[in-house]
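What follows is a single structure, written as structure tokens, with notes after it.
Derivation of every value follows stated rules applied to the coordinates shown; laboratory data play no part. The shown structure was predicted, so the numbers you read here are calculated from the model rather than taken from an experiment. Glycine also receives a Cβ, built like all others from the backbone with ideal geometry; neighbour counts cover every protein chain displayed.
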Amino acid sequence: MSTANPASLDSGTPTSPTPSSARSKVVPADGSAFRLWPAILIVVLQWLITVIPGRISPLTMTQFLGWFFGPVLGTIGLLIWWLFASRAPREGRWLVVLVFVVSAVGALLASHPTVGLYGIIMYGLPIANTAVVAWMALTPSLSWNTRRTGLLVVTVLAWFWLDGLRMKGTTGTIAAEFTLRWIPTAEERYLAELATEKTPAAAPVTPAQPAKLELSVGDWPAFRGAQRDGRLTGVKINADWAAHPPKLLWKHRVGPSWSSFSVIGSHVFTQEQRGDNELVICYDAATGTELWAHADPVRFTENMAGPGPRATPTFHDGRLYVQGATGKLNCLDALTGSVIWTRDVAADSGAKVPQWGFAASPLIADGIVAVFVGGPSGKSVQGYDIEKGEPKWLGGDGTQSYCSLQSVKLCGVEQAVIATDRGISSYAMKTGTVLWQHKWVIPGMSRVVQPAVVSDTDLLLGTGFGMGTQRVRVKHEGDTWSTDVVWKTTAIKPYYNDLVIHHDYLYGFDGNILTCVKLDDGSSVWRTTGYGNGQVLLLADQDLLLILSEKGEIALVDAKPASYTERGKIPGIEGKTWNHPVVAHGKLFVRNGEEAACFDVSEIAAGK
């Protein structure tokens, strides 16, 4: 009775009977003993390690470790299998390894700068590993020489497909977005349009114009409003979008930036990147026409969010205070854009430019303009004289943050607070003295969400990466400050999406889930999806949330705990949108890294 070689069950290729002693020492040169099932198992495990952590714990270090170590461990496993357990003919084993390594290095060298080493590891490796094993699984009927030759070709092709792509950035869930590398970017298209436009003559300054811009009722002078709380009071907008949808007043391309707007009367201020220049721009509110631009010859970019400045201009007493992504802090005349003074916060503090750029919108109080810099050895926050820009103080120990300082009154004392990797720190703006600190350390990670003020003693500190939100109570007795945690919840874990507070409830994004949370205990009330990682503006007098979705859609949602109710939705702007919306003087201003738009949302007169 004849017997079959057990190894042939892996390849499906019949073989001649071979004595067991010979099988243990000699691998057939025709590849008939090839063993594939361990490789299939390794690839499956690679994808499970890569994908599952992000599904279980999105936007956490667990997810990032899975993305990195899944492909790395899969590659190591396949290398061990190929060299020692595949039963492939010894001749040519190292050739396959060499071609794989050379192709990976070649793909890295030829890749677009936005892809880089991490792109090769997280996107190139898993695809190449899968392609190699898939080829071997699909070709058992071919001769060994043909399979091996095809394996070399597949290996090369599996790597170099990545070189035809450019990474556009990531979504709010940190999913990479790619496009063909030869397709112009939105910024390149914008610059091409600007190059063909005729430069309009500057409007002459007439005696009818004011000597300087002045703050008035209805203005929006800083990031998230005057109190930096994303809360609009004393104003009602047209909320019947079914009968009277907001009217588009203007829309046009802008340079990339994650800045929001400041609005003073008919002047709208923001920042943009245009090629090698970082600009502060002033637009006309009614038409979107550029009134003036101040340029600094600097450029910042990174792969996750792309190029451009991050911070929103701050208006104060006729001046505009603006921090760029590389740390250039400008004081400009808000009416003309002329420079009053300039500082380099990185040079002044010894700080390095953060991974995602300097993002703090300047805060002004007590004659000081202050920004987070993240310098070493007690140089977390830098304060400057608002008149001349002279450095006045450095203080605090937080080194990582993309938040802005925020003026608050706690326990009857005016102060400025900021969230960093260390927790919350409070400063006396005039002197830079640290009044108190609430420790909630996230080693190696940065906070992005502004603290939300609940009362004159309580704050909310929201943190992504699966950590959650704390309600912190501040106590002050004599010269002693202290803090306690009232509650902690994981019902809302905000990453970079700021929170708003209305009555006894908190509204905001838990990752990409819009949620309502009770302030008394941190429990969830309702949750919904559909807006991506959006931003929220509270229209307090109308119990409404104005939502700017990650895709640029604009929605009105009830700020009520009874249930989630969407009152209306309109298309806004195209492209990934992480910027905060602004409402001022009956107009809604929205922007992202590609375009800006203005809508009329003023109340409809009776009878119209």
Over the Cα atoms of the chain, what radius of gyration and what Dmax do you get, in Å? 29.0, 111
Residue-ordered couplings for the stretch 217-223, obtained by feeding phi - 60° into the Karplus form 6.51 cos²θ - 1.76 cosθ + 1.60 and rounding to whole Hz (Gly and Pro as x), are 4, x, 6, 10, x, 7, 4
Between the residues Val44, Ser404, Ser549, the Cα farthest towards the positive end of the dipole of the chain, that dipole coming from +1 and -1 charges on the beta-carbon of Lys, Arg, Asp and Glu, is from Val44
So what are the ³J(HN,Hα) numbers for the stretch 436-442, from phi and the Karplus equation (6.51, -1.76, 1.60; θ = phi - 60°), rounded to whole Hz, Gly and Pro as x? 7, 9, 10, 7, 8, 7, 10
Please identify every one of the GluC sites (Glu not before Pro) in the stretch 379-487 that sits in a loop by DSSP and has no more than 16 other beta carbons within 10 Å of its own beta carbon. Glu387
Calculate the dipole size of the stretch 339-469 relative to its Cα centre from +1 charges on Lys and Arg beta carbons and -1 charges on Asp and Glu beta carbons; express the result in debye to the nearest 20. 240
I need the trypsin sites (Lys or Arg not before Pro) found in the stretch 351-419, filtered to DSSP loop residues with at most 15 other beta carbons within 10 Å of theirs. Lys352, Lys388
For the chain, with only Lys/Arg (+1) and Asp/Glu (-1) charged at the beta-carbon, what is the dipole magnitude about the Cα centre, in debye rounded to 20? 2060
Checking the table Lys328/Lys551; Lys251/Lys551; Lys379/Lys551; Lys388/Lys430; Lys388/Lys576 against a 27 Å threshold on Cα-Cα, which pairs fail? Lys328/Lys551; Lys379/Lys551; Lys388/Lys576
Cross-link pairs beyond the 23 Å C-alpha cut-off, checked among Lys439/Lys475; Lys168/Lys493; Lys236/Lys409: Lys168/Lys493; Lys236/Lys409
Name the residues whose placed amide hydrogens come within less than 5 Å of the amide hydrogen of Trp393, ignoring near sequence neighbours (fewer than 5 apart) on the same chain. Gly383
Under the Kirkwood approximation applied to all pairs of distinct alpha-carbon atoms, what is the hydrodynamic radius of the stretch 222-278 in Å? 14.3
Enumerate the amide H contacts of Asp421 below 5 Å, restricted to partners 5 or more residues apart or on another chain; note that Pro and chain-start residues carry no placed amide H. Thr399, Gln400, Arg447
Note on the chain: helices (DSSP H) long enough, at least 27 Å by alpha carbon along their axis, and hydrophobic enough, mean Kyte-Doolittle at least 1.6, are 37-56
